[in-house]
Amino acid sequence: MAREAAPRRPTTEKRHRKKKDPNAPKRSLSAYMFFANETRDLIRAQNPGIAFGQVGKLLGEKWRMMTADEKEPFEEKAKEDKKRYEDEKAVYLNNLAAGVYPEE
């Protein structure tokens, strides 16, 4: 009993990503990212020779074990950074609408 070949799907074109505008403001960081950036070197110092993926696992585990009070300073930094991003984005969009940035 021979099987029938599945019908071939038409090939689709490769999707090209839109190029990122170099004038656009940098996105805001989450509380976890502030924590990870601050703690990563400490984790590496405590565990010399640790693999890259293991650093992330340890950071995630440590973050999950923290209480809300311990996370608060990082949450505050994230709120401030979000406000910074929103302010910079508003200025950027106004400038973009006014044609300040040249089209490439």
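Restricting attention to the range 93-101, does a residue exist that is surrounded by 10 or more Cβ atoms within 10 Å (Cβ to Cβ), without any contact (Cβ under 8 Å) to a residue 40 or more places away in the chain and among the aromatic types (F, W, Y)? No, that holds for no residue.
Every listed requirement among (1) modelled with pLDDT of 95 or more; (2) among the charged types (D, E, K, R); (3) loosely packed, with under 14 Cβ neighbours inside 10 Å is met by D81 save one, (3).
When E72, E61 are screened for being surrounded by 12 or more Cβ atoms within 10 Å (Cβ to Cβ), part of a helix (DSSP H, G or I) and free of Cβ contacts under 8 Å to residues at least 60 places away in the same chain, only E72 passes.
Name the residue that is surrounded by the fewest Cβ atoms within 10 Å (Cβ to Cβ), counting only residues in the range 9-58 that are in a loop (DSSP other than H, G, I, E, B), free of Cβ contacts under 8 Å to residues at least 12 places away in the same chain and hydrophobic (A, V, I, L, M, F, W, C). Of everything passing the filter in the range 9-58, A51 is surrounded by the fewest Cβ atoms within 10 Å (Cβ to Cβ).
Residue-by-condition table, conditions (1) modelled with pLDDT of 90 or more; (2) over 30 Å from R84 (Cα atoms); (3) among the small types (G, A, S):
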position: R17; (1), (2), (3): no, no, no
position: P22; (1), (2), (3): no, no, no
position: K26; (1), (2), (3): yes, no, no
position: Y32; (1), (2), (3): yes, no, no
position: E38; (1), (2), (3): yes, no, no
position: Q46; (1), (2), (3): yes, yes, no
position: I50; (1), (2), (3): yes, yes, no
position: G53; (1), (2), (3): yes, yes, yes
position: G56; (1), (2), (3): yes, no, yes
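The values are calculated or read from the model by the stated rules, or taken from the named source; none is laboratory data. The shown structure was predicted, so the numbers you read here are calculated from the model rather than taken from an experiment. For neighbour counting, all protein chains shown are included, and Cβ atoms are generated from backbone atoms with ideal geometry for every residue, glycine included.
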